[in-house]
Amino acid sequence: MSKYDVIIIGAGAAGLFCGIHAAKRGRKVLILEGAKGPGKKILVSGGGRCNFTNLDITPNFYVSQNPHFCKSALSQYTNWDFISFISELNLTYNEKTLGQLFCDQKSRGILEGLLKSIPSNCELKVSSRVNEVSYEDYYKVSLTNGDSFQADSLVVATGGLSFPGLGATDIGYRIAKQFGHKMVETTPALVPFTLENVLKNLAGVAIESEVCVGNKKFLENILWTHKGLSGPSILKASLYWESKSKVKINFLPKSDIYQILKDKNKKTLLNALKEELPIRFVEEWLKLFKLPLNRKCAELSGDQKELLVKVFHHWEFIPSGTEGYRKAEVTRGGVDTNQVSSKTMESRLQKNLFFIGEVLDVTGLLGGYNFQWAWSSGYVAAKYV
Ligand code: FDA
């Protein structure tokens, strides 16, 4: 049985980054990846362009039962450190909205840069799905194909449950439980909402809207889909959404409907609103709430104006659910951080066992925050394995 200093389970963003830096410290490392190739999520991320970090990384952009947990790793390895890392690989980037950084050489550029950075004392084995782990003075890791390997330190970098087609399994959670770790309930997040009464005619319509969940507000596009609602505002809101709770949408966040009616009082309601919003949406929405499309704005009753305010500025609904792990960019919840050191990522219950990346109960907002967590937590663990 081959013996290593460190075995890392999972060659995603966190596992690869940890492997690179642990090997740079001279450790003999083995990364085991269940899928046929490494970094599958990196490849699909950001629509193939990998939103690898954000200019504005602070703990406020992360959800966890312990909101302080992410602070140490994010400050030990910052967004600027990762920007330097990719710049040294001659990769370039551009800023989209809200500080999101995308790689000009696309996701493949990031993945190839990571693979190129792996030192020779770090071995990567793909199509090597881990079946179980045991511990007796050292870790023994067994694969589903019967092979097994030994190491002094074990790093669990197996990600969450989303996008099962890309290799996700629950092995990380099972290992955590096996060594006595508590779990924070997992749910799909950064995921489209489903609606009971879907407005199929609206599928494909995008509207810049303010979406509000609890005290969180997001002002970006929403997108009507065949199953409900998606788009960045909705995906972000889903991170904070508790099942059966209300979501509010302001479809006219930058204008006031009373002012529109006043300024366009000679126009019909439909003609006035279609200058502000996509016509398909205006037609469907006015019909849905039985508002008179062809009445002049000046002739609307007080009740009708109040209804317009309600349905365009303060529309409230309860999603019937989400599109689940199949469509979720991330998994909220995971290994409880209270039993893991925030400075080293080492288990407080089991020596030389580390958890990094999405498998932990640390979930970032849409915008490069999840990759930054993977880089930061992977880097930190690499210093101590
Ligand atoms: P990750 O899931 O990347 O890696 C875990 C690895 O473990 C996988 O390769 C898996 O195959 C392997 N594994 C699982 N079980 C195993 C087993 N039993 N044996 C061996 N290997 C096993 N984030 C962001 O910041 N910017 C973005 O642009 C995007 N875009 C995006 C798009 C889409 C479609 C998705 C699904 C997700 C994103 N994300 C994102 C989220 C981001 O991809 C995610 O948070 C990180 O990849 C998490 O990195 P990890 O390394 O923790 O897990």
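The distance separating the Cα centre of region 235-262 from that of region 190-205 comes to 15 Å.
The trypsin sites (Lys or Arg not before Pro) of region 306-364 that meet both conditions, a loop assignment by DSSP and at most 16 other Cβ atoms within 10 Å of the site Cβ, are Arg326, Lys343, Arg348, Lys351. The region of the chain that goes longest without hitting one of the GluC sites (Glu not before Pro) in a DSSP loop, each with at most 14 other Cβ atoms within 10 Å, is 1-195. Global dimensions of the chain from alpha-carbon coordinates: Rg and Dmax equal 24.1, 84 Å. Determine the distance separating the Cα centre of region 109-148 from the Cα centre of region 303-377; give it in Å without decimals. Value for the Cα centre distance between the two parts: 27 Å. Using heavy atoms of the protein chains and a probe of 1.4 Å, the accessible area assigned to Trp315 is about 40 Å².
Note on Lys182 and Lys351: their simple-model spin labels are 2.5 nm apart, each label 7 Å out from Cα toward Cβ. Between Ser142 and Arg280, the simple label model (points 7 Å from Cα in the Cβ direction) yields a spacing of 5.4 nm. The listed residues Ile257, Ile279 rank as Ile279, Ile257 when sorted by accessible area, largest first, using a 1.4 Å probe. Computed from the C-beta positions of Glu299 and Asn221 and an R0 of 30 Å, the FRET efficiency is 0.35 to the nearest 0.05.
Using the Karplus relation 6.51 cos²θ - 1.76 cosθ + 1.60 with θ = phi - 60°, the per-residue 3J(HN,Hα) values for region 260-266 come to 4, 4, 5, 5, 10, 5, 8 Hz, with x marking Gly and Pro. Carbon-plus-sulfur accessible fraction, the chain (probe radius 1.4 Å, protein heavy atoms only): 48%. Taking Cα atoms only, the orientation of helix 369-384 departs from the longest principal axis of the chain by about 20 degrees.
Maximal additional length on extending the Asn271-Lys246 stretch stands at 5.9 nm, based on 0.36 nm per residue less the C-alpha distance. Can you give the relative contact order of the chain as a percent, counting alpha carbon pairs under 8 Å and 6+ residues apart? Here the relative contact order equals 25 percent.
Considering only Ala157, Ala23, Ala13, the Gaussian network model of the chain with Cα springs below 10 Å gives its largest mean-square fluctuation to Ala23. Near Ile31, the amide H atoms lying under 5 Å from its own belong to Ile8, Glu123, Leu124, Lys125; only residues 5 or more places off or on other chains count, and H is placed 1.01 Å from N. For region 193-322, the per residue solvent-accessible surface stands at 51 Å², with DNA, RNA and ligands left out and a 1.4 Å probe. Please identify the trypsin sites (Lys or Arg not before Pro) of region 24-79 that satisfy two criteria: DSSP loop assignment and at most 10 other Cβ atoms within 10 Å. Which are they? Of the trypsin sites (Lys or Arg not before Pro), the ones in loops of region 24-79 whose Cβ has at most 10 other Cβ atoms within 10 Å are Lys36. Extending 7 Å from Cα along the Cβ direction at Lys24 and again at Lys262 yields two label points whose distance is 6.0 nm.
Seen against the Cα atoms of the chain and their longest principal axis, helix 279-288 is set at about 70 degrees.
Which residues does the label zone of Ser134 cover in region 3-34, counting backbone N under 19 Å from a point 7 Å along Cα→Cβ? Once the point is set 7 Å along Cα→Cβ of Ser134, 3-4, 7 turn out to lie under 19 Å by backbone N, inside region 3-34.
Helix-only arithmetic for the chain: the sum of -39500 (n - 2.57) across DSSP H runs with n ≥ 4, divided by the residue total, places the mean residue ellipticity at 222 nm at -8000 deg cm²/dmol.
Within region 204-301, the proportion of Cα pairs with more than 17 Å between them is 56 percent. Phi angles across region 118-128 convert, under the Karplus curve 6.51 cos²θ - 1.76 cosθ + 1.60 with θ = phi - 60°, into 3J(HN,Hα) values of 6, x, 5, 8, 10, 9, 10, 10, 9, 6, 10 Hz, Gly and Pro given as x. Taking amide H as placed 1.01 Å from N in the peptide plane, Glu208 has its amide H under 5 Å from the amide H of Ile222, each at least 5 places away in sequence or on another chain.
Against the main long axis of the alpha-carbon atoms of the chain, helix 13-24 sits at an angle near 30°. Springs join every pair of Cα atoms under 10 Å in this Gaussian network model of the chain, and among Val198, Val359, Val213 the largest mean-square fluctuation is at Val198.
Across region 132-142, coupling constants 3J(HN,Hα) worked out from phi with the 6.51/-1.76/1.60 Karplus curve, θ = phi - 60°, read 7, 9, 9, 9, 8, 6, 9, 8, 10, 10, 10 Hz, and Gly and Pro carry x.
The values are calculated or read from the model by the stated rules, or taken from the named source; none is laboratory data. A quick note: this is a predicted structure, and the numbers were derived from the prediction, not measured. Cβ coordinates were reconstructed from backbone atoms using ideal geometry, including for glycine residues, and neighbour counts include every protein chain displayed. These accessible areas exclude ligands, DNA and RNA; they are computed on the full protein's heavy atoms, side chains included. Shrake-Rupley method; radii C 1.70, N 1.55, O 1.52, S 1.80 Å.
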